[in-house]
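S.K.: Please see the structure below; I have some questions.
FYI, it's all coordinate maths here, none of it is from the lab. Please read all numbers here as calculations on a predicted model, not as lab measurements. Cβ: placed from backbone, ideal geometry, glycine included. Neighbour counts: every protein chain shown.
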Amino acid sequence: MIIAVDGPAASGKGTIAKALARHYALPHLDTGLLYRAVGMAVLEAGGDPASPEDALEAARQLASALDDPGLKSEAAGRAASLVSAHPAVRAVLLDRQKHFAGQPGGAVLDGRDIGTVIAPHADAKLFVTASAETRAARRHAELVGMGLDVHLDAVLHDIRARDERDSARSAAPLRMADDAVALDTTDLTIEQSVAAAIAIVAGRGRHAAND
Ligand code: DC
């Protein structure tokens, strides 16, 4: 079974995807980490994430380690959002993601274009949303928990800018697939969000089996 989980920054899609992977004993890929790794590599090389040439070179040379905690930083997120707008960067990362999705037994992938581009035939597709204010508050709490001194307003501003960039770009913009099920987590706890996601996948799974 392939499960596609898409949605905007800090919507809870990563947490939900991880929980679904555990529940169904499937491998999980957080595809945002690929773009974050490319973005960080550009920054570390002193390049400009907005430059297609700098971003493409970093994508081509991408080392596979995706467990660097630095990839979770706001700087990496911002750089990721910039490099991910370049079609050539997306093309370089496409095969790796499609290969992960196509492994025997299936997989859970989360990102922006899983249901639309990477795995259009996924058995279940979720589009996880939450209000910008709620997402900013969650991300702010997370950053403060990491000991960072950040202001809620700045986080909200960043989230809105990222939404705009991820949705407005021409290459694989953030868009809900026609056959995805929307899950708004604004008023849900993590446990409630996960339970709702499992219920959606279970429902879709039955539907797919009966097709
Ligand atoms: O999910 P995230 O915050 O880790 O993603 C970081 C950036 O990477 C996001 O702003 C847009 C980009 N991204 C993408 O374009 N396509 C994906 N499948 C995943 C992430």
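S.K.: So which pairs qualify, if the first residue must be in segment 55-84 and free of Cβ contacts under 8 Å to residues at least 40 places away in the same chain and more than 20 Å from A172 (Cβ to Cβ), the second must be within 8 Å of the ligand (Cβ to nearest atom) and not aliphatic (A, V, I, L, M), the Cβ gap must be under 7 Å, and the two must be at least 6 apart or on different chains?
M.R.: Close Cβ pairs satisfying both conditions: L71/R36.
S.K.: Related question: Does segment 123-179 hold any residues that are within 15 Å of the chain's Cα centre (by Cα), of a type in the set (G, A, S) and away from the ligand (no atom under 12 Å from the Cβ), and which are they?
M.R.: The answer is A130, A177.
S.K.: May I ask you to verify whether A10 is under 20 Å from A171 (Cα atoms) and either charged (D, E, K, R) or within 13 Å of the ligand (Cβ to nearest atom) (or both)?
M.R.: Here the answer is no, as A10 does not meet what is asked.
S.K.: While we're looking at this one, here's another question. Which one of these is charged (D, E, K, R) and in contact with a strand residue (DSSP E or B) (Cβ under 8 Å, 6 or more places away or on another chain): D184, D166? Spell out the reasoning first.
M.R.: Values: D166 fails: in contact with a strand residue (DSSP E or B) (Cβ under 8 Å, 6 or more places away or on another chain).
When all the criteria are applied, what remains is D184.
S.K.: Something else: Taking G32, is it more than 30 Å from S193 (Cβ to Cβ) and either more than 12 Å from the ligand (Cβ to nearest atom) or not hydroxyl-bearing (S, T, Y) (or both)?
M.R.: Taking the combined requirement at face value, the residue does not satisfy it.
S.K.: What number of residues within segment 65-110 are away from the ligand (no atom under 12 Å from the Cβ), small (G, A, S) and under 21 Å from G147 (Cβ atoms)?
M.R.: Residues flagged as away from the ligand (no atom under 12 Å from the Cβ), small (G, A, S) and under 21 Å from G147 (Cβ atoms) within segment 65-110 amount to 1.
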